[in-house]
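Data block below; observations after.
The values are calculated or read from the model by the stated rules, or taken from the named source; none is laboratory data. Keep in mind it's a predicted model, so treat the numbers as computed, not measured. When we count neighbours, we look across all protein chains shown, and the Cβ atoms used for this are built from the backbone with ideal geometry, even at glycine. For the accessible areas, the whole protein counts, side chains as well, though only heavy atoms, and no ligand, DNA or RNA atoms are used. Shrake-Rupley method; radii C 1.70, N 1.55, O 1.52, S 1.80 Å.
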Amino acid sequence: MTEAREYLVGLDLGDEWKSCVDTWAKLETMVEYGTKTKGVLSEAKTRPEEWSRWTSKGRGGVRLYNLSPELVRPLDVDDFGAAFVKWWHRMQPPFRQGDGLLPVATYLPTENSAGDVWERLRKGGPNGLVAVVTMLGWWGRKGSLDPGWIAATTDIRRTLEEMMPVGAKRKGEANDKGTGSQKRLVFFKSSVNR
């Protein structure tokens with residue numbers, strides 16, 4: 001995660017970008033870089049093809065951040081941005097689905113939402129949310145003044161903030177059996193009484 005974070009912060013795409021990267025890094029730390037929420041993001045078949053081409057260059061899961069793709073022509077940037085936003089939108093929980101390009105700008109589950117609405121999106125590790133933030137950075141390198149990129153960056157940051165655990169059982173606190181050896185993160189947030 002250190003290499004990814006250094007690369008992403010080094011893109012220097014403004015304050016909203018930095019806040020998005022910081023929020024992602026904090027969430028990755030909380031889920032212990034995939035050991036608590038390991039898995040692959042849904043909709044892998046619809047993510048921009050640049051990701052698969054780029055990840056296939058590394059060996060053993062190593063990401064070659066120094067060889068990240070360049071979006072050169074304006075058409076490349078527009079096409080990539082559109083594919084990225086479509087992929088991001090498709091991964092959202094039902095209460096965020098809508099007719100616009102970006103998901104509906106609501107971050108609290110509806111009263112009809114059951115369980116952890118962010119579970120299928122809250123994926124840490126090399127096949128998780130790092131893909132979202134990395135590709136957002138690729139788009140931003142050529143489109144950071146694009147209102148669509150700025151809106152996507154804000155949406156992703158706010159989504160990541162909402163995915164943060166609401167409480168944690170820390171090492172040393174008594175668990176159900178009276179010992180202090182369990183650690184449990186609680187991710188579900190209820191929208192009732194908000």
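Structural remarks
- If only residues of the range 47-85 that are closer than 30 Å to Val117 by Cβ and surrounded by fewer than 16 Cβ atoms within 10 Å (Cβ to Cβ) are counted, the one that is modelled with the lowest pLDDT is Gly61.
- Some residue of the range 116-123 being part of a helix (DSSP H, G or I) and basic (Lys, Arg): no
- If you go through the range 1-40 and pick out every residue that is at pLDDT below 85 and either open to solvent by 60 Å² or more (accessible area, probe 1.4 Å) or of a type outside the set (Ser, Thr, Tyr) (or both), you end up with 11.
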